[in-house]
1. Quick check on my filter: what residues within the stretch 83-103 are under 13 Å from Ala73 (Cβ atoms) and loosely packed, with under 12 Cβ neighbours inside 10 Å?
2. Out of everything in the stretch 1-42 that is within 21 Å of Gly67 (Cβ to Cβ) and in contact with a Leu (Cβ under 7 Å, 6 or more places away or on another chain), what residue ends up being surrounded by the fewest Cβ atoms within 10 Å (Cβ to Cβ)?
3. Between residues in the stretch 47-75 that are in contact (Cβ under 8 Å) with a residue 24 or more places away in the chain and residues that are in a helix (DSSP H, G or I) and open to solvent by 50 Å² or more (accessible area, probe 1.4 Å), which pairs lie under 7 Å by C-beta distance while being six or more apart or on different chains?
4. Say we look at the stretch 85-100 and pick out the residues that are of a type in the set (Gly, Ala, Ser) and in a helix (DSSP H, G or I); which of these is modelled with the lowest pLDDT?
Amino acid sequence: MTRRTAAFAAAGVAVAILAGLLDIAQGQGDVPLKDVWDALLHGGDSLNAALVLDIRLPRAAAGIVAGFALAGAAVVLQALTRNPLAEPATLGLTAGGALAVTLV
């Protein structure tokens, strides 16, 4: 791995972590960023800590897992078609997905 690739990967991980923290910090309830940080590092018994740990953290984790799954599916699709610009419509996956949603 070259230095440029490593730097790009590290920047991507840093952006993903920052996006996850911002996702946890925002929401309907008004939780200060300091309380979010304290809840993530130390836990706690306050309402804000419960909101962060029980609702917002699992939501952010589910979003990250879904993003990884979509990225993996895109990589597999591009590898199978040997086309770096492949999209779901290339193999008719969009139409098949719409049919499945309609049938369900």
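1. Gly97
2. Applying the first criterion (within 21 Å of Gly67 (Cβ to Cβ)) to the stretch 1-42 yields 5, 8-27, 36, 40.
Retained after the next criterion (residues that are in contact with a Leu (Cβ under 7 Å, 6 or more places away or on another chain)): 24-25.
On the way: Ile24: 23, Ala25: 16.
So, considering only residues that are within 21 Å of Gly67 (Cβ to Cβ) and in contact with a Leu (Cβ under 7 Å, 6 or more places away or on another chain), the one surrounded by the fewest Cβ atoms within 10 Å (Cβ to Cβ) is Ala25.
3. Val52/Leu40
4. Just the residues of the stretch 85-100 that are of a type in the set (Gly, Ala, Ser), to begin with: 86, 89, 92, 95-98, 100.
Within this subset, residues satisfying the condition of being in a helix (DSSP H, G or I) are 89, 95-98, 100.
Details: Ala89: 75, Ala95: 83, Gly96: 81, Gly97: 82, Ala98: 86, Ala100: 86.
Taking the candidates together, the pick is Ala89.
The values are calculated or read from the model by the stated rules, or taken from the named source; none is laboratory data. Predicted, not measured: the structure shown is a model, and the values here were computed from it. As a convention, Cβ positions derive from the backbone with ideal geometry for all residues, glycine included, and neighbour counts pool all protein chains shown. Heavy atoms of the whole protein, side chains included, go into the accessibility calculation; ligands, DNA and RNA do not. Shrake-Rupley method; radii C 1.70, N 1.55, O 1.52, S 1.80 Å.
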